[in-house]
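Here's the structure, in structure tokens; my notes come after.
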Amino acid sequence: MKALVYTNTEELIYRDEPEPCAGAGEVLIRVEAAGICGGDMHAYHGHDSRRVPPLILGHEVVGVIASGPHTGKRMLIHPFITCGHCAYCRSRRSNLCENRQLVGMNLPGAFADLLTIPERNLLAVPDGMDPAVAVLSEPLAAGVHAFELGARAWGRPFEEAKVLVLGAGAVGLSSALLLRHRGIDVLLGETNPKRRATASAAGLPVFDPATTEAAAGAYDIVFDAVGGGATRSTALRAIAPGGVILHTGLQDSTGTIDMRKVTLSEITVIGTYAYTLENIASALAAIESGALGTMSWVDHRPLAEGAGAFADLAAGRSPAAKIVLQP
């Protein structure tokens, strides 16, 4: 089969790789669409010790079952392989499974013609749904998961919240669009001018936090989809007393948090990691309903051109919030 292989820092090679074989309880998937995630970009830059080259990256994936009784059925894949019996799995927090593995990190990923996955990790894609659209359920699921935690912590109907989203990548943009669809007052911050233009074209109010400060203490919920020192500082400045900061981005660990302000204003800071199968199902249903609009902010490219797509994202040349690679 053909695969896009991460071979070294900022090096990806499209080449022949051995075809995988499904084991017990697994199915073989013929990949139709695979999105480039921020985690893939961290590996590309050599910033993720968990992703060791040579490795096939990619964990946002839709494909069809290639063999067995359900051959040809289109499926969305939950990329976390969990044990199902630890305390976290038993308490419906499988995203924190002590024994979890991730496709494209510990296991060969989706930037290939084929991959294997446990059958329990599959969600059926609605008939007629474009696989390159359905695959956006994975990044949106991170927002769905974060907002569930945020609503629980804030203690009031989420529809009453004034929300600031930082980062107009796929997680931030799709989450902001979902909030808008729900009638929630949302503002999006993004430093890349091309992505700001994309977000504006999608109908979202957007600003540049590098040149314009968000109103201090004005937001009940701040969703940091970047996770950098600068965005953490912006989040803490913008959050209202009693508000909730949802931190899902993993850009870096720089900077400090003013814990005195957190204490005096009773601010809740929650790290929100990934999603569960239920979150992915909710995201898929939201996309099917049209909650994200036309999704013109997605760029589709052949898998063979994947190295160029990574280079464009690294250099900030792409206005797209998401690039989806298709074999």
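The values are calculated or read from the model by the stated rules, or taken from the named source; none is laboratory data. Since we're looking at a predicted model, the values are computed, not measured. For neighbour counting, all protein chains shown are included, and Cβ atoms are generated from backbone atoms with ideal geometry for every residue, glycine included.
Can you list the helices (runs of 4 or more DSSP H) found entirely within the range 252-327 that contain at least 2 residues being within 26 Å of His78 (Cβ to Cβ), touching a Ser or Thr at 6+ places or on another chain (Cβ under 8 Å) and touching a residue at least 24 places away in the same chain (Cβ under 8 Å)? If you could, list the steps in order and put the result at the bottom.
Values: elements: 259-264, 277-288, 306-315.
Those helices (runs of 4 or more DSSP H) span 277-288.
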Which numbered condition Ala320 misses (of (1) outside the structural domain of Gln251 (by TED's automatic domain parsing); (2) more than 25 Å from Leu96 (Cβ to Cβ); (3) more than 15 Å from the chain's Cα centre (by Cα)): (3)
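Residues are listed down the side, and each one gets a yes or a no for (1) closer than 19 Å to Gly306 by Cβ; (2) in the same structural domain as Leu313 (by TED's automatic domain parsing); (3) in contact (Cβ under 8 Å) with a residue 12 or more places away in the chain:
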position: Pro53; (1), (2), (3): yes, yes, yes
position: Gly58; (1), (2), (3): yes, yes, yes
position: Gly72; (1), (2), (3): no, yes, no
position: His78; (1), (2), (3): no, yes, yes
position: Ser94; (1), (2), (3): no, yes, yes
Matching residues in the range 269-293 (farther than 21 Å from Cys97 by Cβ and not aliphatic (A, V, I, L, M)) number 4
Condition (residue is in a loop (DSSP other than H, G, I, E, B) and surrounded by 16 or more Cβ atoms within 10 Å (Cβ to Cβ)) applied to the range 134-147: is it met by at least one residue? yes
Which of the residues spanning the range 114-131 are within 16 Å of Glu60 (Cβ to Cβ) and in a loop (DSSP other than H, G, I, E, B)? Val125, Met129, Asp130
Report whether or not Leu264 is surrounded by 15 or more Cβ atoms within 10 Å (Cβ to Cβ) and aliphatic (A, V, I, L, M). no
If we ask which residues in the range 126-146 are within 30 Å of Phe158 (Cβ to Cβ) and over 18 Å from the mean Cα position of the chain (by Cα), their number turns out to be 3
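Each row is one residue, and each column tells you yes or no for (1) under 19 Å from the mean Cα position of the chain (by Cα); (2) at pLDDT below 95.
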position: Ala3; (1), (2): no, no
position: Glu11; (1), (2): no, no
position: Gly35; (1), (2): yes, no
position: Gly39; (1), (2): yes, yes
position: Asp48; (1), (2): yes, yes
position: Val64; (1), (2): no, no
position: Ala87; (1), (2): no, no
position: Arg92; (1), (2): no, yes
position: Arg100; (1), (2): yes, no
Of all residues making up the range 148-167, the number that are in contact (Cβ under 8 Å) with a residue 40 or more places away in the chain and assigned to a helix (DSSP H, G or I): 7
Near pairs, Cβ below 7 angstrom, 6+ apart or cross-chain, from the range 187-199 (without any contact (Cβ under 8 Å) to a residue 40 or more places away in the chain) to any residue that is assigned to a helix (DSSP H, G or I): Leu188/Gly172; Leu188/Ala176; Leu188/Ala199; Glu190/Arg196; Glu190/Ala199
Subset tally (residues that are part of a helix (DSSP H, G or I), within 18 Å of the chain's Cα centre (by Cα) and of a type outside the set (Gly, Ala, Ser)) for the range 189-208: 2
Top-ranked residue in the range 168-186 [being within 20 Å of Ile270 (Cβ to Cβ) and outside any helix (DSSP H, G or I); ranked as nearest to the chain's Cα centre (by Cα)]: Gly169
Of all residues in the range 164-187, count the ones that are among the hydrophobic types (A, V, I, L, M, F, W, C) and touching a Ser or Thr at 6+ places or on another chain (Cβ under 9 Å). 7
Given Gly203, Gly255, Gly271, which one is closer than 25 Å to Leu313 by Cβ, at pLDDT below 95 and exposed (fewer than 15 other Cβ atoms within 10 Å of the Cβ)? Gly255
